[in-house]
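Undergrad: Quick one: the structure is below, questions incoming.
The values are calculated or read from the model by the stated rules, or taken from the named source; none is laboratory data. Owing to the predicted nature of the structure, the values given are computational and were not obtained by experimental measurement. Here the Cβ positions follow ideal geometry from the backbone for every residue, glycine too, while neighbour counts run over all protein chains shown. Accessible surface is based on the protein model in full, side chains and every heavy atom, while ligands, DNA and RNA are left aside. Shrake-Rupley method; radii C 1.70, N 1.55, O 1.52, S 1.80 Å.
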Amino acid sequence: MAVGAVVGWSNPVLGLLGMVVGLVLGFVNAFKKQVVPALVITYAVAQGLFIGMLSGTFSAMYADVAPNLVGQAVLGTVVAFAVMLALYSNRIIRVNGTFTKIMMGSLIAYGLIGLVSFVSSFFGVGEGWGFYGVGAIGMLLCLVGVALASFSLALDFNMIEEGVRYGLPEKESWRMAFGLTA
């Protein structure tokens, strides 16, 4: 993914291609019964191209007001991953049926809010940014989104741990890697 991001940063055309290929392979990998490592790797590279293109675009757009925007996003992602892994590994966060149900309900609700916000942005809500404008509601929704994304890592960690516990074939580790990448 990182290699794709470096290439996508300076090549927007490949970044757009990565967006399409990543979307298609995301569905293929999610619904394919047999995991194919080459498709998982291709997905990661394609997503890297897209994220690199998007990061390069945002870096250029906001260079004056947020000169290290991408660096902060990468650091935030690494820190969130490390913190969630530490909390999960030390059993501070326990994934059980209740946790999973709450997370699934919360993720669906947040997705619906995002969809309504996206549609409403076309009608001028939040000056074209939907509910995620720069106001208090936008900041709150962003914080909720970051929290949900972070806590969803615990679901991934649990899935990996359960797979090892139940002795899934080693090839299934590619499916777990896909889940973490997605």
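Undergrad: Out of the range 127-149, which residues are crowded, with 17+ Cβ neighbours inside 10 Å and in a helix (DSSP H, G or I)?
TA: Scanning the range 127-149 gives Gly130, Phe131, Tyr132, Leu141.
Undergrad: Give me the pairs: first residue in the range 138-152 and within 14 Å of Ser117 (Cα to Cα) and free of Cβ contacts under 8 Å to residues at least 60 places away in the same chain, second residue surrounded by 15 or more Cβ atoms within 10 Å (Cβ to Cβ) and of a type in the set (Gly, Ala, Ser), beta-carbon distance under 7 Å, and six or more apart or on different chains, which are they?
TA: That search, which allows pairs on different chains as well, returns Gly138/Gly126.
Undergrad: Filter the range 110-129 for residues that are aromatic (Phe, Trp, Tyr), without any contact (Cβ under 8 Å) to a residue 12 or more places away in the chain and touching a helix residue (DSSP H, G or I) at 6+ places or on another chain (Cβ under 7 Å) and give the result.
TA: Matches in the range 110-129: Trp129 only.
Undergrad: Return the residues of the range 31-56 that are surrounded by 14 or more Cβ atoms within 10 Å (Cβ to Cβ) and polar (S, T, N, Q); say none if nothing qualifies.
TA: Residues satisfying the conditions are Thr42, Gln47, Ser55.
Undergrad: If you take the residues of the range 86-103 that are aliphatic (A, V, I, L, M) and within 9 Å of Ala154 (Cβ to Cβ), which of them is surrounded by the most Cβ atoms within 10 Å (Cβ to Cβ)?
TA: Once the filter is applied, the top-ranked residue is Val95.
Undergrad: Oh, and also: Among (1) more than 25 Å from Phe157 (Cα to Cα); (2) in a helix (DSSP H, G or I); (3) modelled with pLDDT under 95, where does Val65 come up short?
TA: (2)
Undergrad: Could you check the range 95-117 and list, in sequence order, the residues that are more than 16 Å from Leu143 (Cβ to Cβ) and among the aromatic types (Phe, Trp, Tyr)?
TA: Listed by number, the list holds a single entry, Phe99.
Undergrad: What is the residue count in the range 153-173 for residues that are without any contact (Cβ under 8 Å) to a residue 24 or more places away in the chain and either open to solvent by 30 Å² or more (accessible area, probe 1.4 Å) or not in a helix (DSSP H, G or I) (or both)?
TA: Here the count works out to 12.
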